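Below: the structure, in structure tokens.
The values are calculated or read from the model by the stated rules, or taken from the named source; none is laboratory data. All figures in this text were calculated on a predicted structure; none of them were measured in a lab. Here the Cβ positions follow ideal geometry from the backbone for every residue, glycine too, while neighbour counts run over all protein chains shown. Ligands, DNA and RNA are excluded from the accessible area calculation, which covers all protein heavy atoms including side chains. Shrake-Rupley method; radii C 1.70, N 1.55, O 1.52, S 1.80 Å.
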Amino acid sequence: QVQLVESGGGLVQAGGSLRLSCAASGRTFSRYAMGWFRQAPGKKREVVSAISGTGGSTYYADSVKGRFTISRDRAKNTVYLQMNSLKAEDTAVYYCAAGFFGNNDYVGRRVNEYDYWGQGTQVTVSS
């Protein structure tokens, strides 16, 4: 039922910034926790950040703490990932995901916890 469309990926130099957007369809967007994952060639998909359905809880992978910020705008049915101080190691395809975890403030951190996925957007950081 939930469809996700990502945008904002592209090329950026190391140390630069980029903001990813994930637009969700459906009236129940606010019920879903949202996550950002990334996958580099030859690597497993890994969690980058996640935010609860209420927006009250967030999670960040250690590798991006202090550099990335996740947020959501329920009025616009959109979740964002602001990425600052980008490094070459951040180069990957970034995926937006949505998952329903009931009426709580749970933040899913695993790929298999999410039900819906966007198409992915390429982020390339030049060094």
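The residues of the stretch 63-76 that are surrounded by fewer than 17 Cβ atoms within 10 Å (Cβ to Cβ) and within 22 Å of Ser17 (Cα to Cα), listed by number, are Ser63, Lys65, Gly66, Arg67, Thr69, Ser71, Asp73. Within the stretch 78-89, being more than 12 Å from the chain's Cα centre (by Cα) and surrounded by 18 or more Cβ atoms within 10 Å (Cβ to Cβ) holds for one residue alone: Leu86.
Please work out which residue is modelled with the highest pLDDT, limiting yourself to the stretch 1-33 and to residues that are buried (at least 17 other Cβ atoms within 10 Å of the Cβ) and assigned to a loop (DSSP other than H, G, I, E, B). Within the stretch 1-33, the match that is modelled with the highest pLDDT is Gly9.
Conditions (1) in contact with a Phe, Trp or Tyr (Cβ under 9 Å, 6 or more places away or on another chain); (2) not in a loop (DSSP other than H, G, I, E, B), marked per residue:
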| residue | (1), (2) |
| --- | --- |
| Thr54 | no, no |
| Ile70 | yes, yes |
| Val79 | yes, yes |
| Tyr94 | yes, yes |
| Ala97 | yes, yes |
| Phe101 | yes, no |
| Arg109 | yes, no |
| Gln119 | yes, no |
| Gln122 | yes, yes |
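Here's a check for you: in the stretch 95-127, which residue that is among the hydroxyl-bearing types (Ser, Thr, Tyr) and closer than 15 Å to Val47 by Cβ is least open to solvent (accessible area, probe 1.4 Å)? Only one residue fits best here, namely Tyr114. Entry remark, the stretch 53-62: residues being open to solvent by less than 50 Å² (accessible area, probe 1.4 Å) and farther than 18 Å from Tyr114 by Cβ number 0 in total. The number of residues in the stretch 41-52 being open to solvent by 30 Å² or more (accessible area, probe 1.4 Å) and part of a loop (DSSP other than H, G, I, E, B) comes to 5. When Ala92 is tested against (1) open to solvent by less than 40 Å² (accessible area, probe 1.4 Å); (2) farther than 15 Å from Ala14 by Cβ; (3) not hydroxyl-bearing (Ser, Thr, Tyr), just one condition goes unmet, and that condition is (2).
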